[in-house]
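Here's the structure we're looking at; comments come further down.
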Amino acid sequence: MKIIAMIPARYGASRFPGKLMQDLGGKPVIVRTYEAAKATNLFDEVYIVTDSEVIFTEIELHGGKAIMSKKDHDCGSDRIAEAVEDMDVDIVVNVQGDEPFTSKEGLEQVLSVFEGEDADKIDLASLMTEMHDWKEISDPNSVKVIVNKENFALYFSRSPIPYPRDKNADVQYYKHKGIYAFRKQALMDFYHLPMRTLEAAEKIECIRYLEYGKNIKMAISNTQGIEIDTPEDLIRANKALKEDKDISVNNKYRNFPMVPKVVFGKGCFDQLSSILAPQRKNKAPFIFLVDDAFENDHPLIDRINLRFNDKLLFVSAKEEPTTVQVDQIVKDIKSEFNYKPSGIIGIGGGSILDLAKAVSIMLTNKGSAADYQGWDLVKKKAVYHVGIPTISGTGAEVSRTTVLSGPVRKLGINSDYTPFDQVILDPNLTIGVPKNQWFFTGMDCFIHCVESLNGTFLNAFSESYGEKAYDLCNEIFLSDELSEVESRGKLMMASWHGGMSIAYSQVGIAHAMSYGISYVLGTKHGVGNCIVFDHLGDYYPEGVALFKKMVEKYQIEIPQGICKDCTEKEIETMIEIALSLVPLWENALGEDWESIMTREKLKSMYLKM
Ligand code: NAD
Ligand code: ZN
């Protein structure tokens, strides 16, 4: 399928003449737009179609491709249609010339609809984004769209549609974003069909397709671009560009939240009721998500004081938590209670803690947990959430992420709203953890430290936490001097410090590769890390040597040969997942990591594991 981008560029825009040639951070707006479209790597070709010699010359000057339109055109689509008439292409994407921050995500989304089951029915695709501000909704400059349940457009309007006669009806307004992906035929049809009344009245060109019975599929994108419609927009855009630069520089300064309240000590679990009491909101329950290791009359359960309509849910940690599981729990809670819960309390290992964090986020944020996998995508503060670890090592009790397997990736919901509001560290809760599990989860902590301390992102902050945790792990797993009681308390603190260490740096190769294995084979995080780490002597010589001693001392069997029977496709997916974790590789191997860790190299490493 040949896909091209066309950027219609008219010099004399009515509201802001000459806007495309205005300066945006040292280059004309139109050049910025062209470069942004090109940089997405989604297109076989990118062209500017223009009526202006000035724009034509400017684009050629910057090494781009420009086409002069022969005729005068009323709208961008006509301008594009004329240009592609004799081209051999399948899909033509119309990128707005005045949207210099066109995001790859939005374009990917609009193109992806042609891969869906109903692709045959689609003449063209376009984008919409959620609107919440009534001022914007009622502004005729923003075009609203309504869709049917398959997201095919029903109508576009400058009026608020639907009209909110019932002020309490739960409607989501969508703004139409002027990005289209046309099948070539649809575009040519448009060119030859005369304008009708609805389009003429609203001055919205895509209405013409509806008037002629074409199907427009809408994709949702929530990335906000900045359209340059007015001189004020240009000022905003210049500011955003500058901030963008500052942000990439500032990446070395992270401003991250830490758990604001923590209580530590044997038996401190019994503080739970008094800690929760002030957080209780009227009729809103506390929901306890508890690892099902405690299900059968475990004494721990008697120590949880359920009040009023509080609810206790046992959850299995057999499988790593998924976005589907989070969505289901949230749905169940919403259907059972009229009130948003007073809080979510997670009691268990990394799996349950992550689940509790994700559920608390999804109780206040719309859509699926999968929409928020990534960095800083969460929009609203989570409900109050408390973490109570019953096994130590992952650092999930202190981290800013919740790791979930989703439909297309295994990735954390990494946000300022993720960390717990309260953590209860009671070493006694870890009594009863089976030896192998204790080891695998404990090694997660050890590996966090090794990867953080050997990474290129290391700074004094992560080093101080990392070194402490590393020393504690050595003491716990290699010296013979600690009593069990001491060891439990120390491992709990090692887990905490290891988590803090990666908060200001990153993990590395073992985690990147282990994510690939977990995603494809369902291997648990701690085990996956150990399988990989065992083979990383070339990258972390000292850490791996110590690790091997620990394995020997506790006679742990690290699974071997788990990838040797994998299909080509499975290995490819592992590689895909691993390589997508760019910050981990950059931390481990530096900026040039791609030349060091090629797909072939990764494949040969996986096949040995
Ligand atoms: P886990 O939560 O998967 O639990 C492992 C096993 O131990 C389960 O069978 C559980 O039932 C059992 N268990 C837990 N406490 C017990 C107790 N006191 N007594 C007896 N059995 C007990 O293990 P984990 O290693 O703590 O967590 C792994 C998960 O953590 C993975 O899903 C991983 O992705 C996630 N993780 C998250 C972060 C983060 O920062 N959010 C960091 C690392 C790992
Ligand atoms: Zn880990």
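The values are calculated or read from the model by the stated rules, or taken from the named source; none is laboratory data. The structure presented is a predicted model; accordingly, all values stated were derived computationally and were not measured. Every residue, glycine among them, receives a Cβ derived from its backbone with ideal geometry; neighbour counts consider all protein chains shown. Ligands, DNA and RNA are excluded from the accessible area calculation, which covers all protein heavy atoms including side chains. Shrake-Rupley method; radii C 1.70, N 1.55, O 1.52, S 1.80 Å.
Worth pointing out:
- Restricted to the range 505-536, and to residues there that are within 13 Å of ligand 1 (Cβ to nearest atom) and in a loop (DSSP other than H, G, I, E, B), the residue that is surrounded by the fewest Cβ atoms within 10 Å (Cβ to Cβ) is GLY522.
- Every pair of residues 6+ apart whose Cβ atoms lie under 8 Å, when the first sits in the range 379-408 and is within 15 Å of MET362 (Cα to Cα) while the second is among the basic types (Lys, Arg) and assigned to a loop (DSSP other than H, G, I, E, B): VAL383/LYS340
- Test: residue in the range 540-558 that is more than 21 Å from LYS318 (Cα to Cα), within 16 Å of ligand 2 (Cβ to nearest atom), part of a helix (DSSP H, G or I) and within 27 Å of the chain's Cα centre (by Cα): no
- Here THR50 passes the criteria (1) open to solvent by less than 20 Å² (accessible area, probe 1.4 Å); (2) closer than 23 Å to LEU241 by Cα except the one numbered (2).
- Out of GLU594, GLU576, GLU586, sole residue that is under 14 Å from SER514 (Cα atoms), open to solvent by 20 Å² or more (accessible area, probe 1.4 Å), modelled with pLDDT under 95 and not aliphatic (A, V, I, L, M): GLU576
- Restricting attention to the range 446-472, the residues being buried (at least 22 other Cβ atoms within 10 Å of the Cβ), aliphatic (A, V, I, L, M) and either away from ligand 1 (no atom under 12 Å from the Cβ) or not in a helix (DSSP H, G or I) (or both) number 3.
- Look at (1) more than 26 Å from PRO583 (Cβ to Cβ); (2) assigned to a loop (DSSP other than H, G, I, E, B); (3) within 12 Å of ligand 1 (Cβ to nearest atom) and you find that GLU481 fails only one, number (3).
- Taking residues in the range 558-574 that are touching a residue at least 60 places away in the same chain (Cβ under 8 Å), and partners anywhere that are among the aromatic types (Phe, Trp, Tyr), the pairs with Cβ atoms closer than 9 Å and at least 6 places apart or on different chains are MET574/TYR515; MET574/TYR519; MET574/TYR606.
- Of all residues in the range 136-153, none that is within 24 Å of LYS214 (Cα to Cα) has its Cβ atom under 7 Å from the Cβ atom of a residue that is among the hydroxyl-bearing types (Ser, Thr, Tyr) and part of a loop (DSSP other than H, G, I, E, B), 6 or more apart or on another chain.
- Among (1) under 20 Å from ILE48 (Cα atoms); (2) open to solvent by 20 Å² or more (accessible area, probe 1.4 Å); (3) at pLDDT 90 or above; (4) part of a helix (DSSP H, G or I), the one test that VAL110 misses: (2)
- Exactly one residue out of ILE476, ILE413, ILE424, ILE447 is touching a strand residue (DSSP E or B) at 6+ places or on another chain (Cβ under 8 Å), modelled with pLDDT of 95 or more and among the β-branched types (Val, Ile, Thr): that is ILE424.
- Where a residue in the range 315-330 is farther than 15 Å from TYR372 by Cα and its partner, wherever it lies, is open to solvent by 50 Å² or more (accessible area, probe 1.4 Å) and assigned to a loop (DSSP other than H, G, I, E, B), with Cβ under 9 Å and at least six apart: ALA317/LYS524; LYS318/LYS524; GLU319/LYS524; GLU320/LYS524
- Residue check for SER142: touching a helix residue (DSSP H, G or I) at 6+ places or on another chain (Cβ under 6 Å) and either part of a loop (DSSP other than H, G, I, E, B) or crowded, with 18+ Cβ neighbours inside 10 Å (or both): yes
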